[in-house]
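This report concerns only the one structure given below.
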Amino acid sequence: LRDNRIELVRASWHELSISVSDVSLADEGQYTCSLFTMPVKTSKAFLTVLGVPEKPQITGFTSPVMEGERMQLTCKTSGSKPAADIRWFKNDKEVKDVKYLKEEDAKSKTFTVSSTLDFLADRNDDGAVVSCRVDHESLNSTPQIAMQVLEIHYTPLVKIISSNSWPEEGQSIILTCESKGKPVPEPVLWTKDGGELPDPERMVVNGRVLSISFLNKTDNGTYRCEAKNPIGRNSTEYVLIVHDVFNTLLPTTVIPSLTTATVTTTVALTTSTTTSATAISTRDPNALAGQTGPDHALIGGIVAVVVFVTLCSIILLGRYLARHKGTYLTNEAKGAEDAPDADTAIINAEGSQVNAEEKKEYFI
């Protein structure tokens, strides 16, 4: 080997080592080691040289880009062997839908790899970082990266924020017009019902803020906020409705209607006193529907039924006891009532003890 870059490192009967400095792709090939013995012994080895890819570059971006325009960004790297791999990212999120192209240089046996990212510009992409990353085995897990910050111009986005969700007469309200666009929108324009603000003394505009004091019904209407920039203009509307002053009313007490109760009481007397009562309560059809809380009329009706049944039971029990107390007359020994003495009564009595009639008792 006749090359100043090749140096003999070790030589012995058992080992022969060389080193190659500043390796290039031309150093790739088959190397043979010969040991001059009888017979001559040889050994071969193939050296593979990796082509390190160049730092990638992103082309195709023109700043600024208008919203809705189509963008085509191309990332390209050369000198890789074998071919390098290119991946796209937008704000650290990988983009999969890309085109990939690989070209081989016949002389240097290296590859030129390119990838194209195609998408429509959107306002949400403004300020986004698009990066192209090149991965290759010669980079020792340290990829090469190229980055591009997107600048998207778009028309203003307008929104009105109210400070009072239920405006009433005599109150104040503040309407704030928020506008976002690129370039930054010019000062906004406030109008009412398609014309100028009718009362500048009460309706004060300070930048993007509209303040209305001492609201009244004449302030009802549609308020519009319009913002514009060199790209275009946009507007939004707010419908103001001024409500009457809310009066706090005292709570109203609802008196429930009367309830009609029909009571049927049945009393049966046997050897022991038993009282049973059946109560049937019928609700007044004119009672309030949907009334919540306890039904006081129903409770009162039940209490009245219980009291009535109790009183009936006491009266019937008193009558029963009265009938079983005091003196009573029998029809025993007819004809003995006018006898002057007991002997005469026995003699005058009708019949004898054998055929005497059975004693009968009558309640008064």
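The values are calculated or read from the model by the stated rules, or taken from the named source; none is laboratory data. A quick note: this is a predicted structure, and the numbers were derived from the prediction, not measured. Every residue, glycine among them, receives a Cβ derived from its backbone with ideal geometry; neighbour counts consider all protein chains shown. Surface accessibility is based on the protein's heavy atoms, side chains included, excluding ligands, DNA and RNA. Shrake-Rupley method; radii C 1.70, N 1.55, O 1.52, S 1.80 Å.
Counting only strands (runs of 3 or more DSSP E) wholly contained in segment 2-86, the ones carrying 1 or more residues that are at pLDDT below 85 and surrounded by 10 or more Cβ atoms within 10 Å (Cβ to Cβ) occupy 6-11, 16-20, 29-35, 41-47. Between Lys102, Lys96, Lys76, Lys109, the distinction of being among the basic types (Lys, Arg), outside the structural domain of Gly29 (by the TED database) and touching a helix residue (DSSP H, G or I) at 6+ places or on another chain (Cβ under 7 Å) belongs to Lys109 only. Is it the case, given these coordinates, that Leu117 is over 16 Å from Glu54 (Cβ atoms) and open to solvent by less than 20 Å² (accessible area, probe 1.4 Å)? Spelling it out, Leu117 is indeed over 16 Å from Glu54 (Cβ atoms) and open to solvent by less than 20 Å² (accessible area, probe 1.4 Å). Just to be sure before I move on: is Pro183 closer than 30 Å to Ile241 by Cβ and either at pLDDT below 95 or surrounded by fewer than 17 Cβ atoms within 10 Å (Cβ to Cβ) (or both) in the structure I sent? Considered against the rule, which asks whether it is closer than 30 Å to Ile241 by Cβ and either at pLDDT below 95 or surrounded by fewer than 17 Cβ atoms within 10 Å (Cβ to Cβ) (or both), Pro183 comes out as no. Just to check your reading of the model, which residue among Val149, Val130, Val158 is aliphatic (A, V, I, L, M) and free of Cβ contacts under 8 Å to residues at least 24 places away in the same chain? Within the list Val149, Val130, Val158, the selection yields Val149.
Evaluate the following for Lys192: is it among the basic types (Lys, Arg), over 30 Å from Gly68 (Cα atoms) and open to solvent by 40 Å² or more (accessible area, probe 1.4 Å)? Steps first, answer last, please.
Values: among the basic types (Lys, Arg): yes; over 30 Å from Gly68 (Cα atoms): yes; open to solvent by 40 Å² or more (accessible area, probe 1.4 Å): no.
Answer is no for this residue.
The residues in segment 170-206 that are assigned to a loop (DSSP other than H, G, I, E, B) and out of contact with any Cys (no Cβ under 9 Å at 6 or more places or on another chain) can be counted, and the count is 17. The residues on offer are Asp97, Asp92, and the sole one that is free of Cβ contacts under 8 Å to residues at least 60 places away in the same chain and either closer than 30 Å to Val245 by Cβ or under 30 Å from the mean Cα position of the chain (by Cα) (or both) is Asp92.
Within segment 98-114, the set of residues being within 26 Å of Ser24 (Cβ to Cβ) and crowded, with 17+ Cβ neighbours inside 10 Å comprises Thr110, Phe111, Thr112, Val113, Ser114.
Within segment 170-180, restricting attention to residues that are over 30 Å from Ile231 (Cβ atoms) and of a type outside the set (S, T, N, Q), the residue that is surrounded by the most Cβ atoms within 10 Å (Cβ to Cβ) is Ile173. Assess whether Ser108 counts as being at pLDDT below 95 and under 21 Å from Tyr223 (Cα atoms). No; evaluated as a whole, the condition is false for this residue.
Residues are listed down the side, and each one gets a yes or a no for (1) within 21 Å of Asn164 (Cα to Cα); (2) surrounded by 15 or more Cβ atoms within 10 Å (Cβ to Cβ); (3) assigned by the TED database to the domain that holds Ile160; (4) of a type in the set (Gly, Ala, Ser):
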{"residue": "Val205", "(1), (2), (3), (4)": "yes, yes, yes, no"}
{"residue": "Arg208", "(1), (2), (3), (4)": "yes, yes, yes, no"}
{"residue": "Lys217", "(1), (2), (3), (4)": "yes, no, yes, no"}
{"residue": "Pro230", "(1), (2), (3), (4)": "no, no, yes, no"}
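Please determine whether any residue of segment 185-201 is over 30 Å from Asp125 (Cβ atoms), of a type in the set (A, V, I, L, M) and in contact with a Leu (Cβ under 7 Å, 6 or more places away or on another chain).
The initial filter retains those residues of segment 185-201 that are over 30 Å from Asp125 (Cβ atoms), namely 190-201.
Okay, now just the ones that are also of a type in the set (A, V, I, L, M), so 197.
Filter once more, so that each one left must be in contact with a Leu (Cβ under 7 Å, 6 or more places away or on another chain): none.
No, the conditions are met nowhere in segment 185-201.
If the condition is being open to solvent by 50 Å² or more (accessible area, probe 1.4 Å) and over 29 Å from Gly68 (Cα atoms), then segment 134-169 contributes Glu137, Asn140, Ser141, Thr142, Ser163, Ser165, Trp166, Glu169.
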